[in-house]
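In what follows, a single structure is set out as structure tokens and then discussed.
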Amino acid sequence: MKKNNVAGCWKLISAYIDDHGKRIDFLGLHPKGMLVFTDDLHIIGIFNNPDIPKFVSGKLSDGTLEEYKTAVTNSVGVYGTYSVDENGDYLEQLIEGSTDPHLNHTVIGRDQLTEKVEGNRMIETTKIAEGVTEHIIWERV
Amino acid sequence: MKASKNILLVVFASLILFISVAGKTTNSSDKIKNMKKNKVAGTWNLISGYLDNHGTHIDILGPHPAGMLIFTEDLHFMVVVHNPDIPKFASGDRANATPEEYKTAVTNSLGVYGTYSVDENGDFGEEHVSGSTFQNMNGHTRGKNEIDVKVVGSTLKEIQKIADGIGVHLDWERAK
């Protein structure tokens, strides 16, 4: 099997956006999530803000407009395939599907997203705009 | 379309109602033993998803449902299912969608992750939801009474029981 530094199951331990030096906790103060890079080069990831209130009705079909917006803007799930380079480092991912329709069929390469593995941690950095980056730290389960 | 959308809403709502807190625990040695013959471990692609309401099939995730399910060897699971045919947000920005777009996004997709166990035969035992894109699911446990999982060759057939004669059928194919 080809060398692969990212393969495994990862638990989210930190997530924030750095907007020109200002920290924004876009998934709340206790962000949660899981990310799996399989050995057979599939990827699936979900992150969520566990502190948002549940739907008062208890039913997905009976959310309020605010509840629907809060759900969409406080979570995302994606899946697809990925590749690694000759050193086993993350190269790119093809998102086949997502809970966010905008992410379907997008390719995210290292020019947008990097995954740096250091021991049992993986630091994910996504460029959003000039001076604006999303940082997610994962810990190997 | 509207009718099937409404059914989808009912299904998801019902799914939540049927989540129960099973308290069964498995000790570590059993877990290791069962892991060796884990039949569900692997990566699975969704090939079919519908609601069977007393024999009537309803496409709850549209006519082309898509998704991925992964059961890891170390007993974690992740699943994302969605209707790939829903329109993108007109604004191109999920922070600025219309109320209808937000509702459509939530009711046409679901992401869930957590841990799971298998029984002594390597069959699905139960799953504990650590987190979800639908926050009401967080922290719940679903066992064989709520989800029936059968692996036949390269296909995994999952039935989520909603009520008597009503169930969500998800068919998965092992990814190549």
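The values are calculated or read from the model by the stated rules, or taken from the named source; none is laboratory data. Note that the structure is a prediction, hence the values are computed from the model and not measured. As a convention, Cβ positions derive from the backbone with ideal geometry for all residues, glycine included, and neighbour counts pool all protein chains shown.
Here is how the numbers come out for the structure above:
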item: Strands (runs of 3 or more DSSP E) wholly inside region B:1-100 containing at least 1 residues that are more than 28 Å from residue A:8 (Cα to Cα), under 13 Å from the mean Cα position of the chain (by Cα) and modelled with pLDDT of 55 or more; result: B:42-53
item: Single residue of region A:91-114 satisfying the filter (in contact (Cβ under 8 Å) with a residue 12 or more places away in the chain and assigned to a loop (DSSP other than H, G, I, E, B)) that is farthest from the other protein chains (Cβ to nearest Cβ); result: A:110
item: Lone qualifier among B:109, B:130 - being within 10 Å of another protein chain (Cβ to nearest Cβ), farther than 27 Å from residue B:55 by Cα, hydroxyl-bearing (Ser, Thr, Tyr) and surrounded by 17 or more Cβ atoms within 10 Å (Cβ to Cβ); result: B:130
item: Residue B:123 acidic (Asp, Glu), farther than 24 Å from residue B:38 by Cβ and surrounded by fewer than 19 Cβ atoms within 10 Å (Cβ to Cβ); result: no
item: Pairs, first closer than 24 Å to residue A:22 by Cβ in region A:115-141, second of a type in the set (A, V, I, L, M, F, W, C) and at pLDDT below 95, C-beta under 7 Å, six or more apart; result: A:134/A:128
item: Residue within region A:10-21 that is of a type in the set (Gly, Ala, Ser), closer than 20 Å to residue B:110 by Cα and touching a residue at least 60 places away in the same chain (Cβ under 8 Å) present; result: no
item: Criterion: of a type outside the set (A, V, I, L, M), within 15 Å of the chain's Cα centre (by Cα) and within 21 Å of residue A:9 (Cβ to Cβ) - qualifying residue of B:128, B:169; result: B:128
item: Criterion violated by residue A:49 - all others in (1) buried (at least 16 other Cβ atoms within 10 Å of the Cβ); (2) farther than 24 Å from residue B:76 by Cβ satisfied; result: (2)
item: Criterion violated by residue B:153 - all others in (1) on the phi > 0 side of the Ramachandran plot; (2) within 14 Å of chain A (Cβ to nearest Cβ) satisfied; result: (2)
item: Pairs with Cβ under 7 Å, 6+ apart, first in region A:31-50 and within 15 Å of residue A:96 (Cβ to Cβ), second part of a loop (DSSP other than H, G, I, E, B) and at pLDDT 95 or above; result: A:36/B:72; A:37/A:6; A:37/A:7; A:38/A:7; A:40/B:175; A:42/B:175; A:46/B:133
item: Whichever residue in region B:150-159 is farther than 10 Å from residue B:52 by Cα and surrounded by 11 or more Cβ atoms within 10 Å (Cβ to Cβ) and, among such residues, is farthest from the chain's Cα centre (by Cα); result: B:154
item: Some residue of region A:72-90 being more than 7 Å from chain B (Cβ to nearest Cβ), surrounded by fewer than 21 Cβ atoms within 10 Å (Cβ to Cβ), outside any loop (DSSP other than H, G, I, E, B) and under 12 Å from the mean Cα position of the chain (by Cα); result: no
item: Residue match in region A:43-64 (condition: touching a strand residue (DSSP E or B) at 6+ places or on another chain (Cβ under 7 Å), within 7 Å of chain B (Cβ to nearest Cβ) and among the basic types (Lys, Arg)); result: no
